[in-house]
Amino acid sequence: AGLSPALAIHVYTQREIYGTVGSHVTLSCSFWSSEWISEDISITWHFQAEGSRDSISIFHYAKGQPYIDDVGTFKERMEWVGNPLRKDGSIVIHNLDYTDNGTFTCDVKNPP
């Protein structure tokens, strides 16, 4: 049985973003794929707090629907502003707090 080669998706984000406590920031995530954007595309944002080894999933987009974490520190402070058909997986975090310091990662999958 032959395996078909996996085609890469290139994901682009800002290296560093600065925000002020109480304000909001847009975490932009754009991507490029040589393949058409399938209905099964999924976008997941992860957050790793500064000084922590653990990364948690804070946002997921799948089957055409955004799923915002309804527990945890970003509950009710996150807004989906992306549009996968425009190759955009961006989110906004409102009412910034010192505890939001850390690393945010955007992960895009475009099956098959």
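The values are calculated or read from the model by the stated rules, or taken from the named source; none is laboratory data. Fair warning: this is a prediction, and the values are worked out from it, not measured in the lab. Cβ atoms come from the backbone with ideal geometry, glycine included; neighbour counts cover every protein chain shown. Protein only, heavy atoms only, side chains kept; ligands, DNA and RNA dropped before computing areas. Shrake-Rupley method; radii C 1.70, N 1.55, O 1.52, S 1.80 Å.
Treat every Asp and Glu Cβ in the stretch 18-112 as -1 and every Lys and Arg Cβ as +1, leave all other atoms uncharged, and give the resulting dipole magnitude about the Cα centre to the nearest 20 debye. Taking the Cα centre of the stretch 18-112 as origin, the dipole is about 160 debye. With the Cα gyration tensor of the chain giving a ≥ b ≥ c as the square roots of its eigenvalues, does the rule (a/c under 1.5 for rounded; else a/b larger than b/c for prolate; else oblate) give rounded, prolate or oblate? Because a/c hits 1.5 or more and a/b exceeds b/c, the chain counts as prolate.
Accessible area per residue for the chain, computed on protein heavy atoms with a 1.4 Å probe, is 69 Å². With the charge dipole of the chain set up from +1 on Lys and Arg Cβ and -1 on Asp and Glu Cβ about the Cα centre, the Cα lying farthest toward the positive end among the listed residues THR13, VAL71, THR26 is that of THR13.
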